[in-house]
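Chemist: First the structure, then my questions, so here it is.
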Amino acid sequence: MRLSALSRISLRTVALGYLLILLVLPLVLILWRTFENGIGAFFDSITTPAAISAFQLSMLIVAIVVPVNVVFGIVTALAVVRGKFPGRNLVQSIVDLPFAVSPVVVGVALIMLWGAGGWFGGVESLGFKVIFGLPGMVIATIFVTLPFVVREVEPVLHEIGDDQEQAASTLGASRWQTFWRITLPAIRWGLTYGVVLTVARSLGEFGAVIMVSSGFPGVSQTLTLLVHGRYINDHNTFGAYSAATLLMGIALVTLLLMTLLDRKRGTK
């Protein structure tokens, strides 16, 4: 169907207006409220002990979640694509579960499992605190970021097939040698893209984390919880805008990295 010039201009205007209202204006407002008192005030706001602790905790969660999801994602993708076993479709559905379940529901489920009265709540008597501590926040973040590596690696494995892997096996290569020298180089771009998505979601997760975190500054408060705490509890709107701008800056760097990787992958 061919559209007239007027129709094309109208569609572009609607699309640009939609993006302007929903994306550009809120971002401009945040930046304006952040820097209206100068860069020095912004810097002072994001270098408080609470802000530094929140940033460090967010980075720590990312540092734990990414390797776990990389290992799980590669193993699961290989099992689903290369393996033939009963329950394969069930595994596919479980991998997609975080896309369908609200993060808040995930947090409630973790409390029911690991809370004081939960199925595994007895571990607290052993000195291992899950809920309202770092372990619970890590588990919640792992769950919500579960599908990204799997779903980025899986289509690449379908595309490359297993001819080279079978040839390497025929020539006497072990499974580890085949994976390290054949499979991993072939899936590196899909894996890298999945890692970037995992990092982005880990940094921005709020719903699941707030349910299993005490939210105490300097104890179990991530950057997203810092924004929430400053705005809702402390009524510190400037501090909330500053923390949000820091998160936005990290997100923009992640988006730029995703774009560069996507272009580089397209040239391969």
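The values are calculated or read from the model by the stated rules, or taken from the named source; none is laboratory data. Predicted model, so just to flag it, every value in this text is computed and none were measured. Quick reminder, even Gly has a Cβ in these numbers, built from the backbone with ideal geometry, and neighbours come from all protein chains shown.
Chemist: Report, by residue number, each residue of region 76-96 that is part of a helix (DSSP H, G or I) and touching a residue at least 12 places away in the same chain (Cβ under 8 Å).
Modeler: Thr76, Ala77, Leu78, Ala79, Val80, Val81, Arg82, Val91, Gln92, Val95
Chemist: Scanning for something of a type in the set (A, V, I, L, M), under 30 Å from Thr192 (Cα atoms) and more than 17 Å from the chain's Cα centre (by Cα), does region 42-51 turn up at least one residue?
Modeler: Yes.
Chemist: Within region 225-246, how many residues turn out to be part of a helix (DSSP H, G or I), free of Cβ contacts under 8 Å to residues at least 24 places away in the same chain and surrounded by fewer than 21 Cβ atoms within 10 Å (Cβ to Cβ)?
Modeler: Looking only at that region, the number is 4.
Chemist: Quick one: Trp176 ticks every box in (1) part of a helix (DSSP H, G or I); (2) among the aromatic types (Phe, Trp, Tyr); (3) surrounded by 16 or more Cβ atoms within 10 Å (Cβ to Cβ) except a single one, so which number is it?
Modeler: Among (1) part of a helix (DSSP H, G or I); (2) among the aromatic types (Phe, Trp, Tyr); (3) surrounded by 16 or more Cβ atoms within 10 Å (Cβ to Cβ), the lone unmet condition for Trp176 is (3).
Chemist: Find the residue count for region 185-214, including only residues that are within 19 Å of Ser102 (Cβ to Cβ) and not in a helix (DSSP H, G or I).
Modeler: So the count comes out to 3.
Chemist: Going by the structure shown, is Phe148 touching a residue at least 60 places away in the same chain (Cβ under 8 Å) and among the aromatic types (Phe, Trp, Tyr)?
Modeler: When the stated conditions are applied, Phe148 passes them.
Chemist: Only residues that are under 28 Å from Tyr193 (Cβ atoms), of a type in the set (Gly, Ala, Ser) and surrounded by fewer than 21 Cβ atoms within 10 Å (Cβ to Cβ): list them for region 206-224, please.
Modeler: Gly207
This table checks each residue for (1) touching a residue at least 40 places away in the same chain (Cβ under 8 Å); (2) within 18 Å of Phe238 (Cβ to Cβ); (3) touching a His at 6+ places or on another chain (Cβ under 9 Å).
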| residue | (1), (2), (3) |
| --- | --- |
| Arg12 | no, no, no |
| Leu19 | no, no, no |
| Leu22 | no, no, no |
| Thr34 | yes, yes, no |
| Ala41 | yes, yes, no |
| Gln56 | no, no, no |
| Val62 | yes, no, no |
| Ile74 | yes, no, no |
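Chemist: Still on this structure, I have one more. Check region 113-136 and report whether any residue there is assigned to a helix (DSSP H, G or I), small (Gly, Ala, Ser), in contact (Cβ under 8 Å) with a residue 40 or more places away in the chain and closer than 23 Å to Ala63 by Cβ.
Modeler: Looking for residues that are assigned to a helix (DSSP H, G or I), small (Gly, Ala, Ser), in contact (Cβ under 8 Å) with a residue 40 or more places away in the chain and closer than 23 Å to Ala63 by Cβ, one finds at least one in region 113-136, hence yes.
Chemist: How about region 1-56: which helices (runs of 4 or more DSSP H) wholly inside it have at least 1 residues that are surrounded by fewer than 11 Cβ atoms within 10 Å (Cβ to Cβ) and assigned by TED's automatic domain parsing to the domain that holds Thr224?
Modeler: Ranges flagged: 39-46.
Chemist: Could I ask something else about it? Pairs please, first residue from region 159-170 and surrounded by 11 or more Cβ atoms within 10 Å (Cβ to Cβ) and at pLDDT 85 or above, second anywhere and in a helix (DSSP H, G or I) and of a type outside the set (Val, Ile, Thr), Cβ atoms under 6 Å, 6+ apart in sequence or on different chains.
Modeler: Pairs that qualify, where the first residue is surrounded by 11 or more Cβ atoms within 10 Å (Cβ to Cβ) and at pLDDT 85 or above and the partner is in a helix (DSSP H, G or I) and of a type outside the set (Val, Ile, Thr), are Ile160/Ala186.
Chemist: So which residues in region 88-129 are acidic (Asp, Glu) and surrounded by 15 or more Cβ atoms within 10 Å (Cβ to Cβ)?
Modeler: Hit for region 88-129 is Glu124, nothing else.
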